[in-house]
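Shown next, in structure tokens, is the structure this report addresses.
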Amino acid sequence: MNRLTHKNPEVSTQAIEQDYKGTSAEAIQYHYDDGNDFFRVWLDNTMAYTCAMWEKGEGLEALETAQIRKLDFHINQAKAKGAKRVLDIGCGWGSLLRRLVEVHGVEKAVGVTLSKAQTKHVKSFKNPGIEVYLENWADHHPEELYDAILGIEVIEHIVQVGLPETEKVKAYRNFFERCHKWLKPGGWMSLQTIVYDNMRPENFSQFLTTEVFPESDHATLAELVKARERLFEIVAIRNDRQDYELTCKAWLSRLKKNRTAAINVVGSEVVARYEKYLKFCMIGFHTGSINLARIAMRRIDKPCK
């Protein structure tokens, strides 16, 4: 697959508006459509490709347990248990959708993703309680309101890399406005996202923004707090960067252990790229250059003018 280069937004208004839809389908598929078989080699059985939630003393072999704990945490935080309709924005390979329906009694779990490979995988469940749409989150038009919304590491794909801070805030506000519109009064949203902390965005690795996650960028907590004003109340927030350091360490260990199988699927160049990216991320989370935020938000039903 050809390398994608990030966009440099010396942009017109029209280009900025397009960036409000975030990462393009082409860029998402560049990364996530390396193949379900490849990711299956080094992810755990849940196929969860986001930061797990670890308990003190757990070793790398507890990855699957830690991933399930993360799923349950967000379901509980969004008060989604037993709900009629729940939306998972950026649903990945559907681990959260399955958990919602099969364990937590949700009547209908709806997922959106731009990855063809992920869509195919979720549809293979053949679960009538799960719906998945191959679409940009900004193009989602639900037939009914949702009781809860979950977004586990989707914020990273809301803006394209290089936007100035003022435009990033506008893009995040566009996201929160849509979520506010999709939620029932009193509804909750649980988010998990990588955020810049002891690092300036312009110093973030160009290797990651071109070779690994083209067109994607992280937020700062300040940008997210500003963007949700008068739409959502922040009820709880956690910094779990050490959880992500351990998650990346577990993934890298599994990839190295199964390196031959991975190379047989995607080739040595792709495997080497993933090994390098996981090492980069481990360093970033270890040093606090980037953090992992878990945020609970409640819909403000009567926003101030």
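The values are calculated or read from the model by the stated rules, or taken from the named source; none is laboratory data. Keep in mind that what you see is a predicted model, and the values were worked out from it rather than measured. Heads up, the Cβs are rebuilt from the backbone with ideal geometry, glycines too, and the neighbour counts pull from every protein chain shown. Heads up: the accessible areas ignore ligands, DNA and RNA and are worked out on the full protein's heavy atoms, side chains in. Shrake-Rupley method; radii C 1.70, N 1.55, O 1.52, S 1.80 Å.
Descending by average beta-carbon neighbour count within 10 Å, the peptides 144-156, 178-190, 255-267 line up as 144-156, 178-190, 255-267, the highest first. Taking amide H as placed 1.01 Å from N in the peptide plane, the amide H of Val132 sits under 5 Å from that of Gly111, each at least 5 places away or on another chain.
Its relative contact order, with pairs defined as Cα atoms under 8 Å and 6+ residues apart, puts the range 213-305 at 51 percent. Compared with the direct C-alpha span, the chain from Ala222 to Phe125 gains 31.0 nm at full extension, assuming 0.36 nm per residue.
Candidate cross-link partners of Lys168 among the lysines, defined by an alpha-carbon separation under 21 Å and a same-chain spacing of 8 or more, comprise Lys7, Lys21, Lys181, Lys226. Tell me, what % of the accessible area of the range 139-198 is carbon and sulfur with a 1.4 angstrom probe? In the range 139-198, the share of accessible area belonging to carbon and sulfur is 47 percent.
Ranked by the mean number of other Cβ atoms within 10 Å of their residues, highest first, the peptides 41-52, 280-291, 125-136 come out as 41-52, 280-291, 125-136. Across the range 64-126, counting alpha-carbon atoms alone, Rg and Dmax equal 11.2, 29 Å.
Listed by chain and number, the lysines whose C-alpha is less than 22 Å from the C-alpha of Lys120, apart from same-chain residues fewer than 8 away, are Lys108. The alpha-carbon of Lys249 sits under 25 angstrom from the alpha-carbons of these lysines, leaving out residues fewer than 8 places away in its chain: Lys56, Lys70, Lys257, Lys276, Lys279.
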